[in-house]
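The values are calculated or read from the model by the stated rules, or taken from the named source; none is laboratory data. Not measured: the values here are computed from a predicted model. Cβ coordinates were reconstructed from backbone atoms using ideal geometry, including for glycine residues, and neighbour counts include every protein chain displayed. What goes into the accessible areas is simple: the full protein's heavy atoms, side chains included, and nothing from ligands, DNA or RNA. Shrake-Rupley method; radii C 1.70, N 1.55, O 1.52, S 1.80 Å.
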Amino acid sequence: MVIRIAYIIYRCDCGRVLYSKDTSKTRKCPCGKTINTKNRRILETVETSRQATETVQQMQEEIYGGIRFKSANEL
């Protein structure tokens, strides 16, 4: 039996785009707010955490005007 885990992408009230497993009930945003994920409007659903990360980065860049995420070796 294969259990498929999907990831949901949604926004916090502060505007930050977040993701979590579709089975999680809550998620804490870096702004400090605890979010009930079941009551959020889902922006997108993806199958892997890598896809979720890339989608969140693209959405954040669109919202905040092309800020590019950097890896540690680029700083």
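The region of the chain that goes longest without hitting one of the trypsin sites (Lys or Arg not before Pro) in a DSSP loop, each with at most 14 other Cβ atoms within 10 Å, is 42-67. Once the Cα atoms are used to define both axes, helix 49-63 deviates from the longest principal axis of the chain by about 50 degrees. Helical content of the chain, expressed as a calculated mean residue ellipticity at 222 nm, amounts to -6500 deg cm²/dmol (DSSP H runs of 4 or more residues, -39,500 (n - 2.57) each, divided by residue number, nearest 500).
Look at the alpha carbon pairs under 8 Å that are at least 6 residues apart: their mean separation over the length of the chain gives a relative contact order of 30 percent. Excluding ligands, DNA and RNA, the accessible surface per residue across the chain is 75 Å² with a 1.4 Å probe.
Computed from the C-beta positions of Asn36 and Ala6, the FRET efficiency with R₀ = 30 Å rounds to 0.95. Accessible surface of the chain, 1.4 Å probe: 48 percent of it comes from carbon and sulfur atoms.
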